[in-house]
């Protein structure tokens, strides 16, 4: 599965664990400079911590986009998360709503990758094939 690009789909459990890990890494990166230098944090360390936190923020957004793809929603729906109350509903939906069963326009089902759409076996038959025999 993709971790750095928003191509494909991501299941609920994988989304939860990835975002939890990224948040934990962000908290650690934010706390380490303060623990190492309690009086005054050097500016180079502040810049490094800021760069890492921005990178982690990008990865959290990518995971959210992958989860939206599993729900068969375009990535533009992520902009809805900018609305104050609607973001809670979207966040809960991304955690608790099951993804699309079977393949959708963003890829195969990560839970059941061997599941094919119902119309696919019929389209593979030659035009003159006798289905009833």
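Bear in mind these aren't lab numbers, they're just calculated from the coordinates by the rules spelled out. Computed from a predicted structure; not experimentally measured. When we count neighbours, we look across all protein chains shown, and the Cβ atoms used for this are built from the backbone with ideal geometry, even at glycine.
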Worksheet item: If you take the Cα Rg of region 12-123 and divide it by 2.2 N^0.38 Å, with N the number of residues, what do you get?
Response: 1.43
Worksheet item: Sorted from largest down, what three extents in whole angstroms do the Cα atoms of region 16-70 have along their principal axes?
Response: 46, 17, 8
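Can you give the extra length, in nm with one decimal, that the chain gains between residue 30 and residue 57 once fully stretched, where that is 0.36 nm per residue apart less the Cα-Cα distance?
Full extension of this stretch gives 8.5 nm more.
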Worksheet entry | Estimated FRET transfer efficiency when R0 is 30 angstrom, pair residue 17-residue 114 (beta carbons, to 0.05) | 0.80
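Would you please give the FRET efficiency between residue 82 and residue 37, computed as 1/(1 + (r/R0)^6) with r the Cβ-Cβ distance and R0 = 25 Å, to the nearest 0.05?
Values: r = 35 Å, r/R0 = 1.40.
Efficiency for this residue pair is about 0.10.
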Discussion item. If R₀ is 35 angstrom, what is the calculated FRET efficiency for the pair residue 45 and residue 74, using the beta carbon separation as r and rounding to 0.05?
Written reply: 0.35
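In what sequence do 109, 72 fall when counting other Cβ within 10 Å, fewest first?
Working: 109 18, 72 12.
Sorted ascending by nearby Cβ count, the order is 72, 109.
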